[in-house]
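Everything on this sheet refers to the single structure shown next.
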Amino acid sequence: DAASVPETELREAMRGQLKDLVSVPPERLAIDVFNSPPRPNANTARQVYVVAAEQVLVDQQAAVVTEATRRLDAIDIPELALRNIMSLVPGEGSGCALLMLGHGFVQILISRQGSLYVMRRLDGTVAHDPEQIGLEVQRSLQYYETHFDCAPIAQLLIAPANAQATALAPQLSAATGLG
């Protein structure tokens, strides 16, 4: 839940809420906050996503990029970068799901009209079990539909387009009904 403070103070207010969730002292973290899409039930608290990373690591990455390019406009997180790419997909305005296949993990993202609704990362054996991946995609889609009172997603993208995605696509299509 978002802290009940002016927007200009939200980032620092959320820093205080992180102390029990992370192993790094909050004062050593770079923090950013972005809004979760509103829930249809107006009686619920405003929700936000909070991103935290050790400031020293952010500074190191910024220094590498700045040295190579002489200019750094922004540092983004993978989920928001993927959301930006998803917003370019035809039909994303009515909702789009992405299954991102990584080494030892899969990530499920659902966006609509340029807003990120769901982001889940599945690690370990789940990431190598097509049946379990299908189940988790179904759960994510159901959460999206019920939690945000949205129409069902019509398309599921799998990235990167490789042999694993090709093998997984028919199983996910059967499990979710999406092509």
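The values are calculated or read from the model by the stated rules, or taken from the named source; none is laboratory data. Computed from a predicted model, the values in this text were never measured in an experiment. Here the Cβ is made from the backbone with ideal geometry for all residues, glycine too, and neighbour counts use every protein chain on show. Remember, those area values only see protein heavy atoms, side chains included, never the ligands or the DNA or RNA. Shrake-Rupley method; radii C 1.70, N 1.55, O 1.52, S 1.80 Å.
The table that follows gives values for the structure above.
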| item | result |
| --- | --- |
| Which listed residue is open to solvent by less than 40 Å² (accessible area, probe 1.4 Å) and over 21 Å from S36 (Cβ atoms), from L82, L72, L101 | L101 |
| Residues of the range 104-120 that turn out to be without any contact (Cβ under 8 Å) to a residue 40 or more places away in the chain and closer than 18 Å to N35 by Cβ, as a count | 5 |
| Test for V5: is it hydrophobic (A, V, I, L, M, F, W, C) and over 27 Å from N84 (Cα atoms) | yes |
| Residue check for V106: open to solvent by less than 30 Å² (accessible area, probe 1.4 Å) and over 28 Å from D149 (Cβ atoms) | no |
| Filtered residues of the range 37-56 (kept if surrounded by 12 or more Cβ atoms within 10 Å (Cβ to Cβ) and free of Cβ contacts under 8 Å to residues at least 24 places away in the same chain) | P38 |
| Restricting the range 116-132 to residues that are at pLDDT 90 or above and open to solvent by less than 60 Å² (accessible area, probe 1.4 Å), the residue that is nearest to M86 (Cα to Cα) | L116 |
| Unique residue being open to solvent by less than 80 Å² (accessible area, probe 1.4 Å), over 24 Å from D32 (Cβ atoms), within 14 Å of the chain's Cα centre (by Cα) and free of Cβ contacts under 8 Å to residues at least 60 places away in the same chain when the list is L135, L141 | L141 |
| Pair list, Cβ under 6 Å, 6 or more apart: the range 17-29 residue closer than 20 Å to S4 by Cα, other residue open to solvent by 100 Å² or more (accessible area, probe 1.4 Å) | P26/K19 |
| Residue in the range 144-164 that is least open to solvent (accessible area, probe 1.4 Å), counting only those that are in a helix (DSSP H, G or I) and modelled with pLDDT of 90 or more | Y144 |
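Okay, residues lined up against (1) within 28 Å of Q113 (Cα to Cα); (2) within 20 Å of the chain's Cα centre (by Cα); (3) of a type in the set (S, T, N, Q):
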residue: A2; (1), (2), (3): yes, yes, no
residue: E12; (1), (2), (3): no, no, no
residue: D59; (1), (2), (3): no, no, no
residue: A62; (1), (2), (3): no, no, no
residue: T69; (1), (2), (3): no, no, yes
residue: D73; (1), (2), (3): yes, no, no
